[in-house]
Amino acid sequence: MSSDQKNKIVADLLPQEFGRAGVIWTISLIVICAIGLGAYIHQIQKGLEITAMRDYASWGIYISNFVFFVAISLVGSLITAIFRLTGVHWRTPLTRISEIIAVAAIIFASLAIIVDMGRPDRFMNLFLFARLQSPIMWDVIVITTYLMLSILFLYLPLLPDLPILIASKSGGKIGQWWYKFLGSFWKGTHLQIRMSKKAVKIISIMIIPIALSIHTVTSWLFATTYRPGWDSTNFGAYFVSGAFLVGAGGVVVAMYVFRRNYKLENYITEKHFDNMGKVLVMLALLYLYFNVNEYLVPAFKMKKAEEHHLMSLFTGEFSLLFWSVIILGMIVPVIVLLFPQGRKPMPMFVMGMLVVVGAWFKRFLIVAPTLLSPFLPMYDVPENYKNYFPTWEEWAITISTLAGALLIVTFFVRFFPIIPIHETIEERVLPLKLADHGKM
Amino acid sequence: MTELPKIVPLSEQKSRRDFIKGAVTAVVATAVTACSSKDPFTKAGENETKASGEKVKLLSVTGEIIEVDKAYLKPIPETPHVSNEEARKGIPGKKFVMVIDLAHCHNLKKCQSACNHAHFVHDHQNWIKIYPMQEAEHTSPFWQPTTCMHCDDPPCVKVCPVDATFKRQDGIVLIDNDRCIGCRFCMAACPYSTRVFNWEEPILPPQALEMQYSPETSCPPKIGTVSKCDFCPDMVRKGELPHCVSACPNGVFYFGDMNEDVVTNGSETVRFSELIRDRSGYRLMEDLGTKPSVYYLPPVDRSFPFEDGLKTKS
């Protein structure tokens, strides 16, 4: 009985070949990446001249996209580490989804920052002449650390699944090579299991301060300046709360897509959606709280320097985007997800999308309007220096980084089980055995 | 302005590269005069140099190879190349300050054009801007030229990840365009919006391309890096005033050394401390704690009405 069950779990969760939709999806992502790469080559030849950034809006969607990636990568630590330490048992099917999102996002966060550099050829200067006093160096350090920890956090729980994958002969030649390369040493001995469990436990504690650091330090890239809208002592907490929200939203979207495409209804259940819905409500309310602090408190005072910035958001050139993000990206999800019907998979997917898309534009609203509200008025520059709308090259490069991250996730899912097989078996089959044992 | 004669001494030790570099800057006319028995550019006392008979070959700007007697070659006095290390240290014992007298500015923009000319700055990225300012609705408008403030607590230097922008012992904040990675964090950090970025490959006249780069001249500008007002340390090393100071016909800009307590606008030299005290000098955005090295004298007893400045073509 339990052996049948075990085989069924293995059969259900083994990585599957791309279907028709999968092939179309993958090819589209590759095409988008290729276009983005072409645009980037163009940028390397011409310089940042091809962007819409100019001396006032000196940072644009490259930077806001970078912040978005760092934000969404925090979900790895939320679902895997925080849920683990707080004993949330239903997390198991979500851990690997969130970890691969984290790894893909943090890789593209690093690339996004290189894309923004005026002199990418001098990248090595960051190490040759590193100045530890600069918040950028702090970011380099914590992001590298977080990437390493996230990869370990993805890899260690994957180990027990590798013998199962090798035995199943799935994944084709490439897959089998990888499985053997990554995990042929794993025999599942008592000692190995103990070491792995201990390592995972240590990482899940270590990764929390690192995760909080990556986004806090990223917020400090802004908060360490004097500018209206950035000069805030709340910025670290504001960014971290927003990061958890977008991360949870991203996981919800991924849950829905994997569940539908790989028929995982038995593993990612409606209960999971229901629980994640409640988590989303809590995180959205938390983020709204910080938004009230960031916008309404300065608005109450309306200091001269803040006025131009706040008015550009409330009623000015960014108002449509600003209110859409606040209402669609935060308030609507909260309202919908308060109802049990709203926490069913389909509405959850829609709300997750709203949260993620809203969060992307929210990062844009943090970066651009502030730069267009300098202390001294914008003056003695051509008219196009006074506003910012990204060029097609910027869009192409930015969208291709998003596509690239999705591509990493897609290929990962093609070769590795997106729901941990071994853990699922342990959770579902072993308790039954124990129960049987108890009867006797 | 006419170029002073430039002849580069050549010795056996100099590499071929240096030979070409030096020779290219040699002006053919001067080389020809140097060949004649009398060198009109050296002072009478020094003019007794005898021809040594040893000839050296030079490449003229028109591409001809000419021969000059070695004894007549003089080093270029005006462009001693300052090493990167020296440029980062600054001039010992100095603390440079600027005082901008708002009472006399009426937006002639001579400072701006002189600065742009000297640093090959194109119109979009003026290092000097002359803002029409009005503090409140019923207060009087005035013209406010801004340069880099060369803060004593510079926010831009704090955030630079690679030490490409730095504060020198003489108070000047410079950029090393050979090191800058173009992250533009300094631009976000500067509250005075004084920094500009070379978004495209700078379009430069030939003489700019020939220049050997130094943070002190900020020339030639380099694509993908940040530029800004540098207080003209190359001029200061020669004992001359920054271009904006000497270009202003109204004596708006005073430049000098705080340690000596002297500033000058070219025609008038005054005690810095007295000028600031007697005319209520102040600095911009004092509340931010950046401690600028640029002081302003309030626009009182003005020599021109504000409206005069509106006539200047931008």
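The values are calculated or read from the model by the stated rules, or taken from the named source; none is laboratory data. For clarity, every value in this text was computed on a predicted model and none was experimentally measured. When we count neighbours, we look across all protein chains shown, and the Cβ atoms used for this are built from the backbone with ideal geometry, even at glycine.
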Query raised in the report: Going through the stretch A:391-409 one residue at a time, which ones are away from every other protein chain (no Cβ under 14 Å) and either over 29 Å from A:Ile174 (Cα atoms) or at pLDDT below 95 (or both)?
Result: A:Trp392, A:Trp395, A:Ala396, A:Ile397, A:Thr398
Query - Test set (1) under 23 Å from A:Gly36 (Cβ atoms); (2) surrounded by fewer than 18 Cβ atoms within 10 Å (Cβ to Cβ); (3) more than 11 Å from every other protein chain (Cβ to nearest Cβ) - A:Ile114 fails condition number - result: (3)
Query raised in the report: Does the stretch B:226-240 contain any residue that is on the phi < 0 side of the Ramachandran plot, within 14 Å of another protein chain (Cβ to nearest Cβ), surrounded by fewer than 23 Cβ atoms within 10 Å (Cβ to Cβ) and charged (D, E, K, R)?
Result: no
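Suppose the filter is under 28 Å from B:Cys186 (Cα atoms), away from every other protein chain (no Cβ under 14 Å), within 20 Å of the chain's Cα centre (by Cα) and in a helix (DSSP H, G or I); does A:Ile106 pass it?
Values: under 28 Å from B:Cys186 (Cα atoms): yes; away from every other protein chain (no Cβ under 14 Å): yes; within 20 Å of the chain's Cα centre (by Cα): yes; in a helix (DSSP H, G or I): yes.
Judged against the criteria, A:Ile106 is a match.
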Requested in this report: Sort through A:Arg91, A:Arg84 and tell me the only one that's surrounded by fewer than 24 Cβ atoms within 10 Å (Cβ to Cβ), touching a residue at least 12 places away in the same chain (Cβ under 8 Å), part of a helix (DSSP H, G or I) and in contact with a Ser or Thr (Cβ under 7 Å, 6 or more places away or on another chain).
Outcome: A:Arg84
Report task. Working only within the stretch A:54-92, note down all residues that are away from chain B (no Cβ under 14 Å) and charged (D, E, K, R). Result -> A:Arg84, A:Arg91
Report task. Go through the stretch A:1-49 and give me each residue that's in a helix (DSSP H, G or I) and aromatic (Phe, Trp, Tyr). Result -> A:Trp25, A:Tyr40
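Going by the structure shown, is B:Ile130 outside any strand (DSSP E or B) and aliphatic (A, V, I, L, M)? If you could, list the steps in order and put the result at the bottom.
Values: outside any strand (DSSP E or B): no; aliphatic (A, V, I, L, M): yes.
So B:Ile130 fails the test.
Identify all residues within the stretch B:158-167 that are assigned to a helix (DSSP H, G or I) and either crowded, with 21+ Cβ neighbours inside 10 Å or away from chain A (no Cβ under 12 Å) (or both); write none if there are none.
Initial filter on the stretch B:158-167 (assigned to a helix (DSSP H, G or I)): B:158-159.
B:Val159, the sole residue that qualifies.
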**Report entry** Among the residues listed as B:Met258, B:Met235, the single one being aliphatic (A, V, I, L, M) and at pLDDT 95 or above
**Finding:** B:Met258
Query raised in the report: Just for the stretch B:195-210: of the residues that are surrounded by 15 or more Cβ atoms within 10 Å (Cβ to Cβ) and away from chain A (no Cβ under 14 Å), which one is farthest from B:Ala87 (Cα to Cα)?
Result: B:Leu204
Requested in this report: Kindly check whether there is at least one residue in the stretch B:175-182 that is part of a loop (DSSP other than H, G, I, E, B), surrounded by fewer than 18 Cβ atoms within 10 Å (Cβ to Cβ) and either more than 12 Å from every other protein chain (Cβ to nearest Cβ) or not small (Gly, Ala, Ser) (or both).
Outcome: yes
Query raised in the report: Would the stretch A:252-262 turn up any residue that is buried (at least 18 other Cβ atoms within 10 Å of the Cβ), within 14 Å of chain B (Cβ to nearest Cβ) and either in contact with a helix residue (DSSP H, G or I) (Cβ under 6 Å, 6 or more places away or on another chain) or of a type in the set (Ser, Thr, Tyr) (or both)?
Result: no
Query - Close pairs (9 angstrom Cβ cut-off, 6 or more residues apart or separate chains): on the phi > 0 side of the Ramachandran plot in the stretch B:192-217, surrounded by 14 or more Cβ atoms within 10 Å (Cβ to Cβ) and among the β-branched types (Val, Ile, Thr) anywhere - result: B:Ser193/B:Thr146
Query raised in the report: Just a yes or no: is a residue in the stretch B:175-193 touching an Asp or Glu at 6+ places or on another chain (Cβ under 6 Å) and under 24 Å from B:Pro145 (Cβ atoms)?
Result: no
Query raised in the report: Across the stretch B:247-291, what is the number of residues that are in a helix (DSSP H, G or I) and surrounded by 16 or more Cβ atoms within 10 Å (Cβ to Cβ)?
Result: 5
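From A:Lys180, A:Lys173, which residue is of a type in the set (D, E, K, R), in a helix (DSSP H, G or I) and modelled with pLDDT under 90?
Only one candidate qualifies: A:Lys173.
Let me confirm something: among A:Leu430, A:Leu365, which residue is out of contact with any strand residue (DSSP E or B) (no Cβ under 6 Å at 6 or more places or on another chain), at pLDDT below 95 and aliphatic (A, V, I, L, M)?
Within the list A:Leu430, A:Leu365, the selection yields A:Leu430.
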Query raised in the report: Do we have any residue at all in the stretch A:344-362 that's touching a helix residue (DSSP H, G or I) at 6+ places or on another chain (Cβ under 7 Å), within 14 Å of chain B (Cβ to nearest Cβ), modelled with pLDDT of 95 or more and assigned to a helix (DSSP H, G or I)?
Result: no
